[in-house]
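First comes the structure, then the notes that go with it.
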Amino acid sequence: MKLLFAGAEAMPFAATGGLGDVLGSLPSALAKSHDLDVRVIIPLYSAIKEEYRKEMHEEAIISVPLAWRKQYCGIYSLKKNGVTYYFIDNEYYFKRESLYGFFDDGERYAYFSMAVMEAMSALDFYPDILHAHDWQTALTVVYLNRIYKKRPEYQGIKSVFTIHNIEYQGKYDFSILGDVFALSENEYSLMEYDGCINLMKGAIEEADRVTTVSPRYAEEIRTPEYAHGLHTCLNNNAHKLSGILNGIDYKYYDPKSDPSIAETFSSVNTDGKAVCKSALQRELGLDERADVPLLSIISRLASHKGLDIIEGCIYDIVASHDIQLVILGKGEERYEQFFTYLQERFPQKVRALITYDRDLSKRIYSATDIFLMPSKSEPCGLSQMIASRYGAIPVVRETGGLYDSIKPFWIKDNKINGNGFTFAGYNAGELKERTEAALTLYKNEELRRRLVYKIMRTDFSWKSSANSYIKLYELTAGLLG
Ligand code: GLC
């Protein structure tokens, strides 16, 4: 089976969040475990480092039509971990200081989507499955069905569209349907939703299968509370919707061999974790104490990550307990200011690191005792899995992938059940109560040791999810009955 992943980011080349993690690890998991021909295509952003550019081969130089435009398109490739990565080069669109957030993002990704379709013929590679991710590549699915299927080489291609976050749908004014998206009046009703052009809606309608990144989120997005307006469309397409939980890259996130942490450790010998903790305390100028529980929050500082309920209880928690708290992330100014204030108010206890830094995040995970992630909505969430792998006890809200990956801790007949602390209601009271329950457990050394062992051994690798994707692809390609 031949697979082509199309997306806006992939680790280690260019990434801003979880999508990059997934496109950087799922393809190689599939290629390895199932011996498939897996290829991934992303834009050649200026952020992609020279060390990778040096390894790239020029595959083709073509011109990509987009309505009245004819745009330059270089196609480069490199092989990594059994996967062929393609990069679409066009400096006008992708030589920018960041990946997204520009007035012409609609045009940039329409161009990229058309380039993906043209690249198939330039490379003479027609996949069995085109697997597109998020709104930026939603148009590939539409272009495939509405334009390219007229050509015989494209007729066998089936499509899977994955929603990583339904909040970002790609909504535009009608006026650009033809001029920028190169679609005709015939596609008007397909692309129209709630008074505008909605790229994600078009892909949900046209894809052979629609998936999202956890089973629970697949249910949640059929309700108005979570769907950001798309619930009707998803309910109409429920027969082809399913959820597959993400995994994490077990090589990159491995406390047994991670070069970016102070000392390596494992579930059977966590001595190194204590070294990591004192190293971080030293690095951040906190008291070097083994006995004080170290809590952390590593997150985009956006309200849907649960920042408003954190704001509602964290002051009290810090004020009334002997703890240390480290926050890493940036985002809405309001939260950046709040955490900076918290650090000023409690200089012995709190560090607010208003930045985004992968190596620093691993140093924090490895030092953390209790990890807070009370998201309002969470399609999958990878941080709770990374935290678990590095022996931090997660406190999460029961939503989306957090619900599917973290089960409540309780003890029966001296047997530990669950792998974290969880709560259902979206309010500061429940978050505070569960965080304090985790702090109480922390004091019981023997129980804590057993729970951490169990947490670190919970399987968050891609193994079982890669199998689920294979089944889905086989079903979609018509290889299964
Ligand atoms: C998005 C979601 C996150 C998910 C990630 C990878 O960033 O917000 O929950 O883990 O995509 O699928």
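The values are calculated or read from the model by the stated rules, or taken from the named source; none is laboratory data. What you see is a predicted model, and the numbers here were worked out from it, not measured in a lab. Because the Cβ atoms are built from the backbone with ideal geometry, glycine has one as well, and the counts that use them run over all protein chains shown. The area values use the complete protein model at the heavy-atom level, side chains included, leaving out ligands, DNA and RNA. Shrake-Rupley method; radii C 1.70, N 1.55, O 1.52, S 1.80 Å.
What to note about this one:
- Where Leu183 falls short, out of the listed (1) part of a loop (DSSP other than H, G, I, E, B); (2) surrounded by fewer than 16 Cβ atoms within 10 Å (Cβ to Cβ): (2)
- With respect to being open to solvent by 70 Å² or more (accessible area, probe 1.4 Å), touching a residue at least 24 places away in the same chain (Cβ under 8 Å) and acidic (Asp, Glu), Asp287 fits the description.
- A count restricted to segment 323-353 and to residues that are among the polar types (S, T, N, Q) and part of a helix (DSSP H, G or I) stands at 3.
- Highlighted here are the helices (runs of 4 or more DSSP H) found entirely within segment 1-112 that include at least 3 residues which are surrounded by fewer than 15 Cβ atoms within 10 Å (Cβ to Cβ): 50-53.
- Residue list for segment 86-125, filter: touching a residue at least 12 places away in the same chain (Cβ under 8 Å), farther than 20 Å from Gly178 by Cα and within 21 Å of the chain's Cα centre (by Cα): Tyr86, Phe87, Ser98, Leu99, Tyr100
- Candidates Leu23, Leu36 - the one that is within 16 Å of the ligand (Cβ to nearest atom) and in the same structural domain as His131 (by TED's automatic domain parsing): Leu23
- One residue stands out among those in segment 126-137 that are open to solvent by 10 Å² or more (accessible area, probe 1.4 Å) and over 19 Å from Gly20 (Cα atoms): the one that is farthest from the chain's Cα centre (by Cα), which is Tyr126.
- Residues of segment 270-284 that are farther than 13 Å from Ile364 by Cα and open to solvent by 20 Å² or more (accessible area, probe 1.4 Å): Thr270, Asp271.
- Members of segment 157-184 found to be more than 27 Å from Gly243 (Cβ to Cβ) and not β-branched (Val, Ile, Thr), listed by number: Tyr172, Asp173, Phe174, Ser175, Leu177, Gly178, Asp179, Phe181, Ala182, Leu183, Ser184
- Against the conditions (1) open to solvent by 20 Å² or more (accessible area, probe 1.4 Å); (2) over 18 Å from Ser383 (Cα atoms), Ser303 satisfies every one except (2).
- Some residue of segment 114-125 being crowded, with 21+ Cβ neighbours inside 10 Å, assigned to a loop (DSSP other than H, G, I, E, B) and either more than 16 Å from the ligand (Cβ to nearest atom) or outside the structural domain of His304 (by TED's automatic domain parsing) (or both): no
- Screening Phe339 with (1) open to solvent by 20 Å² or more (accessible area, probe 1.4 Å); (2) more than 15 Å from the ligand (Cβ to nearest atom); (3) not β-branched (Val, Ile, Thr) gives one miss only, at (1).
- Conditions (1) among the charged types (D, E, K, R); (2) farther than 20 Å from Val210 by Cα; (3) open to solvent by 10 Å² or more (accessible area, probe 1.4 Å): number failed by Arg146: (2)
- Some residue of segment 195-213 being charged (D, E, K, R) and over 30 Å from Gly401 (Cβ atoms): no
- Neighbours by Cβ (under 9 Å, 6+ apart or cross-chain): first from segment 160-187, at positive phi and more than 16 Å from the ligand (Cβ to nearest atom); second of a type in the set (Phe, Trp, Tyr) and in a helix (DSSP H, G or I): Ala182/Tyr143
- Filter result (more than 11 Å from the ligand (Cβ to nearest atom) and not in a loop (DSSP other than H, G, I, E, B)) within segment 368-380: Ile370, Phe371, Leu372
- Being at pLDDT 95 or above and at positive phi is a condition met by no residue of segment 245-268.
- So Ile470, is it assigned by TED's automatic domain parsing to the domain that holds Lys32, in contact with a helix residue (DSSP H, G or I) (Cβ under 8 Å, 6 or more places away or on another chain) and hydrophobic (A, V, I, L, M, F, W, C): yes
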